């Protein structure tokens, strides 16, 4: 017979007593509540004492969660016929999707004409290569498509716009360069261009060999080290000499590029790519670019296995400061369905991001959900302000500035509020009209429109935040605190993935999404966010004693989490790397609980679950972090992820909370009721 340790046994007895004699709560008996109750119970391992290991208790039987196919949701909406009352963004979406579905020929004709006009394929080994000019031939549909690197606009420390250059995130290449696939490509291009099979065999073999070597460079993580600001001269002479950067950047910016510096992400990898290009014959580089352009445009019809469009969606949001997902760090949008309709939906989502963001957000965020969300934000903000005012170690001046920062904090509720203004998209897309246009003309006009916005964003630092916000995706599983604008973004997709609902008991919304809100607000007062004031300026607004006390309390978290050993890898958490997230977790969860307690003296409970609403608050919060990861992913997370593993985001944080320990009646000395409790907020 197996005996429990005395503290755990006492905890289990106390828990059974609290369950056996629960206060009478109204039971929610809607279909949604029955479904949620079943999901909660399925994930739990009730053989484990919640006072011993709460993560195992809440998530011990977790296997997987049903993924939400956000692409399918948007596809269903925009596949419907156009109606007179459609606003402009919806009209554009439907027209884009229909033309993509039924007018690929216009694009095919253009691509073939471009390939023919440059004299492809190339076979002369003495041919010269002006990379900037050659790449410019293939930017009809994507002005940033450089094949070997990407461009992006980022803010620098002075809150100004800076051009960022980073290596290509993927390469269009064959998964397996087998002879059969090479022959298939030869047959295809022989049919289209009439080039002899003998010549094509040589070209394809060289292109695939180059592509494989390039792909190995991109996939390698050995050289992911240095990122820094450099002058164009240094970029040209020391990092990437294959390209005339002044010529290339002025092609992109229509002659208006005059920046003194650019930001290079991963200098080493970009340098290695340059070395590959230097040793490769120019004609092979030209053949690779032309071939890649052809197949990127023709990926819907490609006879080879390529990187899926769905995968590309997961890498669109590179600006995110924080990830909040229930199970994994990427949106659950992948599907075995590779229909043309789905591919066209993904292309639309990538091309007209504000439109797709509005369509998804407005579909999900009903009037009742907006009311619920607004109330939740107001109550949690109020509770955090109250907490600051009662924090004894804050001097009056520092406390006042902390309160001011919370009061002036702005929120993007699901999607930018501007999207709901009747004339917003009429003005935003004033230069776009797809009616009667071929799909080729649509792609060209959207490319020109995006290029104009890119240039405007670079040249107009006063509009940085507004322009960035329009490009964020409501269908991306994320929430984050933008310190430089004192604004919190709460994406609609995250609310949907957490089953945020106006019909579920309040404990669920506060335990899951309320904790996200609290977490993101508290990021503004973590070890990094606290260095920004309410205006978003990086200034020191802390009194000396309060500043030192914050440092001392933070050290407690560094030591506490640094002593946690991840059970699968046997490695310790990096308490310094995860400090900001741990402060946000510990402050955000407990303040969400206090906010919920203020409005729910008596809350509904769920059917067939003998837990009080207070206990279900903690269970729902914990189940937001249930996951199944292999050792390799956990190891990578411990090295690079500023978030602690899920087990410690729960056990580590909850063990510091008196409210949690009281709700489960955990005795001193039990696994969750530790002596080494830490608290900043």
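Helix 613-623 axis versus longest C-alpha principal axis of the chain: approximately 30°, rounded to the nearest ten. Working from label points 7 Å from Cα in the Cα-to-Cβ sense, the residue 635 to residue 212 distance is 2.6 nm. Taking 41 Å as R0, compute the FRET efficiency from the Cβ-Cβ separation of residue 76 and residue 460 and round it to 0.05. E between residue 76 and residue 460, to the nearest 0.05, is 0.65. Relative to the longest principal axis of the C-alpha atoms of the chain, give the angle of the C-alpha long axis of helix 631-640, reported between 0 and 90° and rounded to the nearest 10°. Roughly 90 degrees, rounded to the nearest 10.
Segment residue 410..residue 260, full-extension length gain: 50.7 nm, with 0.36 nm per residue of separation and the alpha-carbon distance subtracted. Measuring spread by the Cα atoms of region 106-299 yields a radius of gyration and Dmax of 17.5, 57 Å.
What FRET efficiency would be calculated for the residue pair residue 244, residue 366, taking the C-beta separation as r and a Förster radius of 51 Å, to the nearest 0.05? Once rounded, the FRET efficiency stands at 0.45. A straight chain from residue 192 to residue 220 at 0.36 nm per residue would run longer than the Cα-Cα distance by 6.5 nm. Here the contact order of the chain, divided by its residue count and restricted to Cα pairs under 8 Å and six or more residues apart, works out to 22 percent. Site pair residue 448 and residue 144 shows an inter-label distance of 2.1 nm when each label is modelled 7 Å from Cα along Cα→Cβ.
Ordering 363, 89, 489 from the fewest to the most neighbouring beta carbons within 10 Å gives 363, 89, 489. Approximating the spin labels as points 7 Å out from Cα along Cα→Cβ, the residue 236-to-residue 528 distance works out to 3.4 nm. Relative to a virtual label point 7 Å from the Cα of residue 339 in the Cα→beta-carbon direction, which members of region 79-105 show backbone nitrogen distances below 14 Å? Residues 79-81, 98, 101-102 fall inside that zone.
Each Cα pair of the chain feeds into the Kirkwood radius, which the Stokes-Einstein equation turns, at 4 °C and 1.567 mPa s, into a diffusion coefficient of 47 µm²/s. For the chain, the longest principal axis of the Cα atoms and the long axis of helix 353-364 meet at an angle of about 40 degrees. Using the Cα gyration tensor of region 194-255, with a ≥ b ≥ c the square roots of its eigenvalues, what is the shape: rounded (a/c below 1.5), prolate (a/b larger than b/c) or oblate (neither)? Cα axes put region 194-255 in the oblate bin.
With neighbour counts taken as other beta-carbon atoms within 10 Å, the residues 498, 242, 349 rank, fewest first, as 242, 498, 349. With neighbours defined as other Cβ atoms within 10 Å of a residue's Cβ, the residues 75, 183 order from fewest to most as 183, 75. Between residue 392 and residue 565, the C-beta separation translates, for a Förster distance of 25 Å, into a calculated FRET efficiency of about 0.15.
Each value in this text was obtained by applying a stated rule to the coordinates, not by laboratory testing. Owing to the predicted nature of the structure, the values given are computational and were not obtained by experimental measurement. Here the Cβ is made from the backbone with ideal geometry for all residues, glycine too, and neighbour counts use every protein chain on show.
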